[in-house]
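The values are calculated or read from the model by the stated rules, or taken from the named source; none is laboratory data. Remember, predicted model here, so these are calculated numbers, not experimental data. As a convention, Cβ positions derive from the backbone with ideal geometry for all residues, glycine included, and neighbour counts pool all protein chains shown. Accessible surface is based on the protein model in full, side chains and every heavy atom, while ligands, DNA and RNA are left aside. Shrake-Rupley method; radii C 1.70, N 1.55, O 1.52, S 1.80 Å.
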Amino acid sequence: MKAARRSTACISGALLYCSCIAAAMQYASIGLPKSFYVQFGGRNSLTVALGEAVAVAMLLAVVSAVWGYLTLRPERRRHRPYLAWMMSGVGLAWAALLIFGAFTFATAPRSYSAPLQTLVLSSNAAPLFGALNIVGVLLGVWVAGTLARRKQLSLPSTRSRRRPSGPAHPEPGDDAESTQGPQTVAPPH
C-alpha cells in the first residue's frame, strides 16, 4: 500500500503540473481588463507582463494547494503525506514540458524576435511557459503538504495501547494448575 500511495502522489503531481500549465495558457489568452493595460503603460510593458504572471501564478498556487491537499490528506494517522513524491512528479512534468518547449521554440523562427520578458513571463511562450507558474505550483503543493501533515497529527493514533507493565507470566496460585513442564534430572556420567 505504501508503494501505491507513493506512485499516486507522483502521478498526481505530474498531472497537476500539466493541468496547471494548460489552465495558465487559457488564462493568459484571456488577459486582464483593458483599463489595466492603459494605466500601466500598454500591453507590452514589463509592469503589465509581471502583473499578469503574478496573477496567474497565485491562481495556480490556490488550485495546486486544493489538488495537493485532496491527494496528500491522510485517512489514518499512520499514513504519512508523501509530499516529496508529489513534488518529484511536478518536477518530472516540468522537465518534460521544458524539453517540449525547447523543441517548440527551436522550430518556430519568429519566436526568436520576441522580447525577453515575454519569453520568461508569458504562459503562452515556449520554452518556459511562464517562469512564475512553476513557483506557484510548488508553493501550492508545499502548502498542501503542510496542511496534510497537520491533519495527520490531529488524527487519533491507530496503534493499540500497550498493556500495563507487570510480570510477563503471572505466578499460579495454590488453586491454579501449574503451567511448568515436568522437571528432568540430568543423566549420570
Exercise for the section: Please go through segment 106-119 and pick out each residue that is modelled with pLDDT of 85 or more and closer than 18 Å to ALA53 by Cβ. Expected result: none
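Conditions tested, residue by residue: (1) farther than 17 Å from VAL66 by Cβ; (2) small (Gly, Ala, Ser); (3) at pLDDT below 95; (4) open to solvent by 50 Å² or more (accessible area, probe 1.4 Å).
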position	(1), (2), (3), (4)
SER122	yes, yes, yes, no
ARG149	no, no, yes, yes
LEU153	yes, no, yes, yes
ARG163	yes, no, yes, yes
Fill in the blank from the handout: Within segment 36-77, the count of residues that are open to solvent by less than 50 Å² (accessible area, probe 1.4 Å) and either at pLDDT below 80 or of a type in the set (Ser, Thr, Tyr) (or both) comes to 5
Exercise for the section: Could you check, for segment 85-92, whether at least one of its residues is in contact (Cβ under 8 Å) with a residue 40 or more places away in the chain, within 24 Å of the chain's Cα centre (by Cα) and farther than 17 Å from CYS20 by Cβ? Expected result: yes
Practice task
Being touching a residue at least 24 places away in the same chain (Cβ under 8 Å) and surrounded by 15 or more Cβ atoms within 10 Å (Cβ to Cβ) is the filter; apply it to segment 99-117 and report the residue that is farthest from the chain's Cα centre (by Cα).
Solution key: GLN117
Exercise for the section: Could you list all residues from segment 118-148 that are under 14 Å from the mean Cα position of the chain (by Cα) and aromatic (Phe, Trp, Tyr)? Expected result: TRP142
Practice task
Answer yes if at least one residue in segment 22-31 is open to solvent by 80 Å² or more (accessible area, probe 1.4 Å), under 21 Å from GLN117 (Cα atoms), polar (S, T, N, Q) and at pLDDT 85 or above, and no otherwise.
Solution key: yes
